[in-house]
């Protein structure tokens, strides 16, 4: 089947390369010509597990064609997937200018068979967008150019996009005709997930609701972990026991610094705004956003309890990306944590290390944060460290390394990634999330090897 994908973000590219891997001919286009130019040269501009190999393999095989003209997507394809991620402001107002611009650029096509072209919206959009898109296309295209807009929301996560494409538990198709259902069902038939048919508005709301539900679940986990710390309970045990309840199972969100990633936060905001405009406020989703914004403050307070006078100390952030395996800093907890530390303790020295965040990520961080080239460099002389992203590399840092590199080996494990019990037994103060430290976080018990203290 001849397919086109408009929008070469991580999700769009994973989808395009995934369909090509299944044997289809896939044309790729994007308004950002810089992205398509890099892809045409064989450079994948994203850090995403397995994506580069998948893209390069299908480019070489000729099944994936990059740099197709936006205007000719309909004439050269049977189905066009729109994966152009729309931005939303802090109030959840989504900017759809790029979507409408694409719709207005699609040229008519000669088709003696009269078969309808399908335009499938995969990205998050306000409910009713697919219907508006179809009306807009039909208003400007000749009557002979039959077209139907559908909603096929993608549920590809950061760090797992390729796996999520091939292992989808369900594929949601929102359409208004049996013809569209049949053709899309045939396309997705080679994937293992169950194909579920529904109307367009229900499919669009499912995309937004999925993000909002996850936001609520993660926020609840964060607040529950905070309660566990205050009451002497152990959050990992509580989460495991909750998951054994058939009314709740599964329950497995890790607690920590809150959720990040642009799509999750944006989609939840869009749902909240949509609900307010529709007169059906989503108070739980709105509360989840507020709770998430407080998570970095909770970590700051833990640091203040473990380390005297933070304004005169050096603190290292281990990990910056929203999720391991990616280089995304959109809405990343690390950015919020750094900003909060600098706001509350203006004299603090902050260093940071992430295995994949390079100079380009520097723009997302407060300028006072010094980006380092290794964990050892970031930890050198530090009075405390916070594990922000669960990179496997950090699990390999041993107690002797923390004690050798740091001025004070105090670790706040924001992802419960380390073996805190083992580290505490070897003289490192390691404080997990949602659990009490095995060693009291009293910095006065540790020798201060500081030669010169930075003045605020």
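Rule-based calculations on the coordinates, nothing more; no lab input. Only a predicted model underlies this, so the values are computations on that prediction, with no experimental measurement involved. For neighbour counting, all protein chains shown are included, and Cβ atoms are generated from backbone atoms with ideal geometry for every residue, glycine included.
General observations
- Only Cα pairs under 8 Å and 6+ residues apart enter the sum, and on that basis the relative contact order of the chain stands at 12 percent.
- Nearest-ten-degree value, helix 51-61 long axis tilted from longest Cα axis of the chain: 30 degrees
- Whole-angstrom gap from region 353-380 to region 223-288, using each part's C-alpha centre: 29 Å
- FRET efficiency, 1/(1 + (r/R0)^6) with R0 51 Å, evaluated for residue 194 and residue 40 via beta carbons: 0.90
- Principal-axis tilt of helix 178-188 within the chain, Cα atoms, nearest 10 degrees: 50 degrees
- Exposure proxy shown here: for 294, 106, 96, the number of other Cβ atoms within 10 Å sets the order, fewest to most, as 294, 96, 106.
- Of the residues 33, 268, the one with the fewest other Cβ atoms within 10 Å heads the list, and the complete ranking is 33, 268.
- Region 160-186-region 397-437 distance, computed between alpha-carbon centres (Å): 45 Å
- Among 244, 1, the ranking by other beta carbons within 10 Å of each residue's beta carbon, starting with the fewest, stands as 244, 1.
- Theoretical ellipticity at 222 nm over the chain - DSSP helices of four or more residues, -39500 (n - 2.57) apiece, nearest 500: -12500 deg cm²/dmol
- Modelled spin labels at residue 376 and residue 277, positioned 7 Å past Cα toward Cβ, are 5.4 nm from each other.
- Inter-probe distance in nm under a simple model that places probes 7 Å from Cα toward Cβ, at residue 217 and residue 230: 2.5 nm
- Relative contact order [Cα under 8 Å, 6+ residues apart], region 2-198, whole percent: 20 percent
- Length released on extending from residue 368 to residue 252, taking residue separation times 0.36 nm less the Cα-Cα span: 38.2 nm
- Annotation for residue 294 and residue 170: the two label points, set 7 Å from Cα along the Cα-Cβ direction, are 3.2 nm apart.
- At full extension, residue 76 and residue 61 could sit 3.5 nm farther apart than now, given 0.36 nm per residue minus the alpha carbon distance.
- With contacts taken as Cα pairs under 8 Å and at least 6 residues apart, region 293-445 reaches a relative contact order of 23 percent.
- Segment residue 105-residue 136, length gained on full extension (0.36 nm per residue, minus Cα span): 10.0 nm
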